[in-house]
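Taking it in order: structure first as structure tokens, then the write-up.
The values are calculated or read from the model by the stated rules, or taken from the named source; none is laboratory data. Source: prediction; values computed, not measured. Glycine also receives a Cβ, built like all others from the backbone with ideal geometry; neighbour counts cover every protein chain displayed.
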Amino acid sequence: METLKNLETKLWNKNFFLLWQGQMVSVLGDVFYLMALNFWMLEITGSTALMGLLSAVTMLPKIILGPFAGVFVDRWDRKKLIVLTDLIRGVIVTFVGIAGVMGFIQVWMVFIVGIISGICAAFFNPAINSSRPDIVPEDKLLKANSVTSLAQSGMDMIGNAVGGVLYVLIGAPYMFLLNGISYLFSAFTEIFITIPKVKREEKEITFIEDFKLGIKFLNDFKVYKKMFICSSIINFFGNAGMILLIPYFKETEFLGAQKYGFAMMVLAMGMVFGSILLSIKGIKRENKFKVFNISLVSCTTLLLVAIITNNYIVLLLCWLFGFFFNVIFNTIFSTAAMSTIPSDIRGKVMAITSAISMGLVPIGQLLAGVLGDLMPIRLVLFIMFLCCFIIGFLYIRIKNLKIFIEYDSEYDNLEELMKL
């Protein structure tokens with residue numbers, strides 16, 4: 001029988017495989033659920049405002065609870081937390097599916113499920129992200145993140161491709177049931193995962209002190225803090241631009257609404273191809289910084305060109321390669337972050353950064369929506385992606401970025417890196 005120590009010398013050990021397939025099944029179930037939910041809400045209420053409100057109430061718990069949930073993740077048993085949050089979501093979503101099949105489903109039920117799911121996700125996401133570096137060897141963490149991204153992008157693409165057909169064939173209630181079952185299946189398989197316990201100091205510290213510790217680490221780690229700020233700004237303007245793509249396609253003569261779906265599929269394909277390349281090829285330590293810079297600049301440049309061009313084929317190619325490079329630089333960044341943040345505070349630090357970044361998304365989308373009413377949508381998109389382009393060039397000029405991106409605990413000293 002393989003010990004945990006032996007398992008951790010391989011990427012595809014039992015623990016990583018169970019974690020990976022559980023996420024893959026859950027993502028596919030989520031895509032089915034969200035698609036069915038949007039169609040169902042529109043059919044029952046006829047209100048796009050209620051659709052937006054449901055999305056907001058699901059996201060709000062993640063934003064509000066995210067930073068504090070990370071503290072609990074570092075204090076509690078991460079395996080139990082992962083299993084429990086998937087189990088809760090499985091039970092409540094299955095209940096909604098049964099309610100739909102039996103004909104007593106109400107809109108308020110869906111909102112309650114959205115809130116509870118958001119609360120569970122606030123704990124589940126940092127628990128998953130902080131556990132991955134502890135169940136795969138450091139030299140295989142980049143591949144672990146890339147195959148995780150591949151699974152998520154692939155399931156998202158498959159889910160969107162067949163979700164509409166499933167909705168017509170079996171209807172929303174049975175698609176709700178599928179998602180509930182996917183959560184329950186994930187919870188069951190996650191029972192067999194072995195996640196090392198976080199070693200904490202003998203001295204007990206309060207919740208507030210623990211939270212402050214995460215903030216202090218982020219503030220003291222100058223290179224990571226600057227990277228996080230740049231990433232958040234790019235995320236802010238990028239997501240703001242993405243929200244205007246549907247009206248942009250509708251009102252642009254050479255595009256049209258019918259071409260939007262295919263363009264989104266091409267976008268997802270770019271992400272899948274990027275993930276496949278990273279999972280098969282990997283990147284040598286000495287090449288990571290060069291690949292990161294090329295990918296970041298290429299991504300922001302191609303997104304800008306996609307808005308300037310009047311040729312649909314050129315736009316598709318820009319999206320294909322733009323999001324191919326997007327996956328590469330994002331995976332390199334997340335791998336470096338996971339490698340440099342100590343295990344005992346990884347949950348809280350990643351939860352804090354995620355909550356801040358996620359909290360900026362609705363603000364950016366609101367700003368883009370207002371500007372879209374005041375100015376030509378193409379001009380707003382150009383401004384948003386131009387900002388991404390400018391920040392991208394500032395990003396690659398961050399001092400000591402190369403040392404951070406290529407960090408390896410076998411060769412580098414974290415304390416020295418944090419002093420830079």
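Table for the structure above
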{"item": "Test: residue in region 306-329 that is touching a residue at least 60 places away in the same chain (Cβ under 8 Å), closer than 21 Å to Ser231 by Cα and either out of contact with any helix residue (DSSP H, G or I) (no Cβ under 8 Å at 6 or more places or on another chain) or surrounded by fewer than 18 Cβ atoms within 10 Å (Cβ to Cβ) (or both)", "result": "no"}
{"item": "Filter result for the condition that a residue is outside any helix (DSSP H, G or I) and either among the polar types (S, T, N, Q) or modelled with pLDDT of 80 or more (or both), over Phe111, Phe104", "result": "Phe104"}
{"item": "Selected residue [over 19 Å from Met350 (Cα atoms), part of a helix (DSSP H, G or I) and modelled with pLDDT of 80 or more] from Leu53, Leu87, Leu28", "result": "Leu87"}
{"item": "Any hit, region 134-149, residues being among the hydroxyl-bearing types (Ser, Thr, Tyr) and either in contact with a Lys or Arg (Cβ under 9 Å, 6 or more places away or on another chain) or surrounded by fewer than 19 Cβ atoms within 10 Å (Cβ to Cβ) (or both)", "result": "yes"}
{"item": "Every residue from region 281-304 that is among the β-branched types (Val, Ile, Thr) and buried (at least 20 other Cβ atoms within 10 Å of the Cβ)", "result": "Ile283, Thr300"}
{"item": "Helices (runs of 4 or more DSSP H) completely within region 325-420 that count 2 or more residues being assigned by TED's automatic domain parsing to the domain that holds Leu218, in contact with an Asp or Glu (Cβ under 9 Å, 6 or more places away or on another chain) and of a type in the set (Gly, Ala, Ser)", "result": "343-374"}
{"item": "Test: residue in region 298-320 that is under 19 Å from Ile398 (Cα atoms) and not β-branched (Val, Ile, Thr)", "result": "yes"}
{"item": "Search result, residues across region 131-149 that are farther than 13 Å from Gly282 by Cβ and either without any contact (Cβ under 8 Å) to a residue 60 or more places away in the chain or within 14 Å of the chain's Cα centre (by Cα) (or both)", "result": "Thr148, Ser149"}
{"item": "Segments classed as helices (runs of 4 or more DSSP H), wholly inside region 242-322, with at least 2 members that are closer than 23 Å to Gly159 by Cα", "result": "245-251, 260-280"}
{"item": "Close pairs from region 68-97: first of a type in the set (Gly, Ala, Ser), partner modelled with pLDDT under 90 and not in a helix (DSSP H, G or I), Cβ under 9 Å, at least 6 apart", "result": "Gly97/Ile105"}
{"item": "Any hit, region 206-221, residues being part of a loop (DSSP other than H, G, I, E, B) and modelled with pLDDT under 85", "result": "yes"}
